[in-house]
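Working notes, beginning with the structure itself.
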Amino acid sequence: MTPQLFTPPEILKPVIKYFWALDNPIDSPPTTLSAFPDGCPGIIMVQSNGGAICDNLNKKLPGIYLHGQTIAPSKISCQGKFSAVGVSFQPHALRSIFGIDANAFTHTGFDFNVVQNRNHINLSEQIAHEQSIEGKISLLSNYLLYQHQNNARQTEEIIKYAVAQVIQSKGNLSLKELQKKLQMSERSLERKFNQAIGISPKLFSRICRFQESLNQLQTSSYDKLSDIAYENQYADQSHLIRAFKEFTGLSPLEFKRQSRDVIENVQPAKQ
């Protein structure tokens, strides 16, 4: 399987990181796709000739679904020929595009039709009938632009700024300093973060730090594992290992051994 990434139109970059597509054109045994926390909600649509798409609890998933923040590793199982397209949103997008409180979607997925604008033509049916990946992504893009422009419940700029600061610091920003700069109490910042992002500022920071460590591991940008730990301000190597096990279910070295084709945080799992 060869993953593809697609850059969103300029007008959608404030709310979308990228579109992605994954295609498996041959009949094959069950394939498991693993997802890891990355600080971003998203949309996933899978079409398969091998029956139902299931999560790691063997629960049947809708053909197109919207998921919130992931806070632990999760899996999707499919078999036979399948194709998948999806969207990786910016952290605040559930509020900015759909006008919903993100904490209702944390570590779970919902049928996309539940949140789809009722005045808009059925998107999932359109995408299912579109043959090309580019066509599917264009349909998603047009719908999300429409939804964003017609959403009256936008994310507060102060929260977008706070998110940007945490990301820029790679999760190592002092939250007390951020609260002071924003002139907000800890409780107020946490409440607004949970509404707009779906998780607390502290957990979001930890995920950003993990993501930077994950990137270094995947690109082999280190000499020793302890280098990754110290460069990302973990107290020591054991703290880094605990973070990896929390967010991937594997130690860094186990993850490295099992790495295959990756769409950032979505990868085929070792059978």
How large is the convex hull of the Cα atoms of the range 157-256 per residue, expressed in Å³ as a whole number?
-> 97
Report, in whole Å, the centroid distance computed from the Cα atoms of the range 73-92 and the range 3-46.
-> 6
Which value, to two decimals, describes the C-alpha radius of gyration of the range 78-140 once divided by 2.2 N^0.38 Å?
-> 1.26
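Taking only the C-alpha atoms, wrap a convex hull around the range 81-203 and report its volume per residue in Å³ as a whole number. Don't skip to the end; give the middle numbers.
On the way: hull volume 16.2 nm³, N = 123.
Roughly 131 Å³ of hull volume per residue.
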Cα-Cα separations in the chain greater than 35 Å, expressed as whole percent = 16
In Å, the Kirkwood estimate of hydrodynamic radius for the range 53-98 over Cα pairs equals 12.5
For residue 11 and residue 104, what is the calculated FRET efficiency with R₀ set at 30 Å and r taken between the beta-carbons, to the nearest 0.05?
-> 0.65
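Using only DSSP helix segments of four residues or longer, with each worth -39500 (n - 2.57), what per-residue ellipticity at 222 nm results for the chain after dividing by its residue count and rounding to 500? Intermediate results must be reported in sequence, preceding the final value.
On the way: 11 runs with 109 residues, N = 271.
Roughly -12000 deg cm²/dmol at 222 nm, from the helical runs in the chain.
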May I ask which residue of 7, 72, 148 lies farthest towards the positive end of the charge dipole of the range 1-156, with charges of +1 (Lys, Arg) and -1 (Asp, Glu) on Cβ and the Cα centre as origin?
-> 72
Taking max minus min of the Cα coordinates of the range 4-149 on each principal axis, largest first, gives extents in Å of 42, 33, 27
Highest GNM mean-square fluctuation among 126, 195, 211, for the chain with Cα springs under 10 Å, belongs to 126
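No value in this document is a laboratory result; all are computed from the given coordinates. Remember, it's a predicted structure, so these values are computed and weren't measured experimentally. When we count neighbours, we look across all protein chains shown, and the Cβ atoms used for this are built from the backbone with ideal geometry, even at glycine.
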